[in-house]
Amino acid sequence: MTGRGWWLALWVLGVASAAQAEEKKFKACFIYVGPVGDIGWSHAHDEARKLTLKELPWLETQHVEAVPEGQALPVIDRLVKGGCKAVFATSFGFMDQTLEAAKKYPDVVFAHATGFKRAPNLATYMADFYQLYYLNGLMAGALTKTGKVGYVAAFPIPELKRHISAFALGVRAVNPKATVNLKWLNAWVHPGKAREAAEALMAEGNDVLAFTEDTATVAQVAGRKKVPVFGHYSPMHRFSPDFVVSGQLVHWEKIYIDFLKKVRDGSYAPGKLQDVDYWWLLREGAVELGAQPGMPINPKWVDALKQAQMTVEGKPVSVHDRVMALLKDMSSATPAFDPFQGPQVDRQGKERVPAGKRMSIPELNQMQWVVPGVVGPVADEPR
């Protein structure tokens with residue numbers, strides 16, 4: 001064979017090898033409840049998808065955005081027919097239809113974010129913020145002058161009840177008479193309603209705001225009124241550099257990379273997922289305290305938080321130092337502190353967590369009650 005012939009043969013083999021490698025790629029698909037440009041929940045999942053794609057060269061992905069809750073099954077049907085071998089359903093309201101899809105497609109791997117229903121081929125996962133909300137609450141309790149902290153909330157599901165309660169516990173650890181006042185949107189993405197709710201809360205005397213809504217609207221509205229605010233899910237410092245004090249940041253890629261590697265090596269497969277439930281927190285690096293990555297507290301608010309005092313085990317401590325100490329503790333392998341350690345009662349006065357106990361993951365995941373200090377109607381609250 002001539003030299004040119006050898007090169008041709010090698011080229012053909014290279015093309016064939018590349019084609020085979022391409023064929024072997026594993027396809028994972030993601031379903032989002034909001035648009036990926038929402039700067040909140042769905043945006044964070046999509047950023048994690050991109051990071052996961054960079055990390056795993058054998059992976060290909062597809063995503064569908066702005067899927068209404070209750071309409072996930074037809075989307076899953078299309079994705080499975082398109083070759084998806086793993087499907088991530090990333091909103092609580094997708095839970096029942098994801099379970100239905102898992103039964104319909106027993107050879108496909110499914111994972112549902114924030115839910116609690118599993119199957120042999122359906123796992124659950126959560127990068128949860130309740131620790132961060134407690135820390136945000138400490139700061140909010142220190143910064144409020146009126147004793148009224150406003151919260152713009154999406155839906156009254158267990159996740160929000162858990163986060164709002166952790167936030168209120170933090171607020172009241174610093175300011176025992178303060179309240180956390182709710183305005184419900186009944187929407188994940190609704191800038192108009194979010195703006196109206198934020199403005200109404202401020203008009204009612206709430207001088208610090210937090211929120212669960214998948215745009216930067218509340219942060220922007222608060223900034224224009226010079227009201228301190230806590231970002232949600234995505235870095236929000238840039239939307240109000242002087243008034244975003246801190247917030248909750250997520251690293252879903254930590255879970256996606258770990259999960260897909262285990263699917264790849266066979267550790268996770270249909271028939272093996274019934275008991276797979278990721279509940280990753282600060283310790284696992286799945287969440288981060290901050291107005292933006294690497295900024296746990298906006299420098300513009302550090303002095304105010306250092307001057308603010310609270311009592312811890314009978315001793316005065318600056319709120320700043322308490323936040324940083326608890327952040328270090330809850331990021332450790334064996335945290336000594338948990339926001340929901342007992343004794344803890346709900347706002348009806350009923351004991352929910354006995355002294356010396358902590359809430360289990362299933363209890364946190366299905367939490368319907370809220371703590372004292374939360375003001376406003378809460379659907380499905382036990383009496």
**Message:** If I model a spin label at Phe337 and Thr311 as a point 7 Å from the Cα along the Cα→Cβ vector, what separation in nanometres do I get?
**Reply:** 1.7
**Asked** Taking a 1.4 Å probe, which of Phe239, Phe88 shows the most accessible area, and what order do the others take after it?
**Response** Phe239, Phe88
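Tell me, what is the FRET efficiency for Asp329 and Lys85 to the nearest 0.05, using R0 = 35 angstrom and their Cβ-Cβ distance as r? Write down the numbers at each step before the final one.
Details: r = 40 Å, r/R0 = 1.14.
Step by step, r from the Cβ atoms, then E = 0.30.
On the protein heavy atoms, probe 1.4 angstrom, tell me the percent of accessible surface of the chain carried by carbon and sulfur. It would help to have the intermediate numbers written out before the result.
On the way: 8880 of 16450 Å².
Carbon and sulfur together cover 54 percent of it.
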**Stretchable slack from Glu69 to Lys145, in nm (0.36 nm times residue separation minus alpha-carbon distance)** = 23.5 nm
**Request:** Report the label-to-label distance for Val345 and Glu47 in nanometres (one decimal), using points 7 Å from each Cα along the Cα→Cβ vector.
**Result:** 4.1
**Item:** the chain: angle of helix 158-174 to the longest principal axis, Cα-based, in degrees nearest 10
**Value:** 40
**Theoretical FRET efficiency, 1/(1+(r/R0)^6), r = Cβ-Cβ of Lys357 and Glu60, R0 30 Å, to 0.05** = 0.10
**Asked** Do any of Lys54/Lys328; Lys177/Lys226; Lys50/Lys262 go past 20 Å between their Cα atoms, and which?
**Response** Lys54/Lys328; Lys177/Lys226
**Request:** Evaluate E = 1/(1 + (r/R0)^6) for Phe155 and Glu284, where r is the Cβ-Cβ distance and R0 equals 22 Å; express this FRET efficiency to the nearest 0.05.
**Result:** 0.25
**Asked** Among 257-264, 140-147, what's the highest-first ranking by average C-beta atoms within 10 angstrom per residue?
**Response** 140-147, 257-264
**Asked** At what distance in angstrom do the alpha carbon centres of the range 272-306 and the range 128-154 lie from each other?
**Response** 15
**Item:** Probe 1.4 Å, accessible area per residue of the chain, Å²
**Value:** 43
**Item:** the range 42-104 - percent relative contact order, Cα under 8 Å, separation 6 or more
**Value:** 34
**Request:** From the P(r) of the range 35-184, can you give the percent of Cα pairs sitting at distances over 28 Å?
**Result:** 33
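Would you compute, from DSSP H runs of 4+ residues alone, the mean residue ellipticity of the chain at 222 nm, taking -39500 (n - 2.57) per run and dividing by the full residue count, rounded to the nearest 500?
Working: 12 runs with 147 residues, N = 383.
Per the formula, -12000 deg cm²/dmol.
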**Request:** Determine, for each peptide in 300-309, 36-45, the mean count of other beta carbons within 10 angstrom over its residues, then list the peptides with the highest first.
**Result:** 36-45, 300-309
**Message:** Is the C-alpha gyration tensor of the range 317-359 telling us rounded, prolate or oblate? Criteria: a/c under 1.5 is rounded; beyond that, a/b larger than b/c is prolate, otherwise oblate.
**Reply:** oblate
**Asked** What percent does the relative contact order of the range 80-133 come to when contacts are Cα pairs within less than 8 Å and at least six residues apart?
**Response** 31
**Request:** Could you work out how far the C-alpha centroid of the range 230-271 sits from that of the range 62-95, in angstrom?
**Result:** 19
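The values are calculated or read from the model by the stated rules, or taken from the named source; none is laboratory data. The structure presented is a predicted model; accordingly, all values stated were derived computationally and were not measured. So basically every Cβ, Gly included, is an ideal-geometry build from the backbone, and we count neighbours across all protein chains shown. All accessible areas refer to the heavy atoms of the entire protein, side chains included, with ligands and DNA or RNA removed. Shrake-Rupley method; radii C 1.70, N 1.55, O 1.52, S 1.80 Å.
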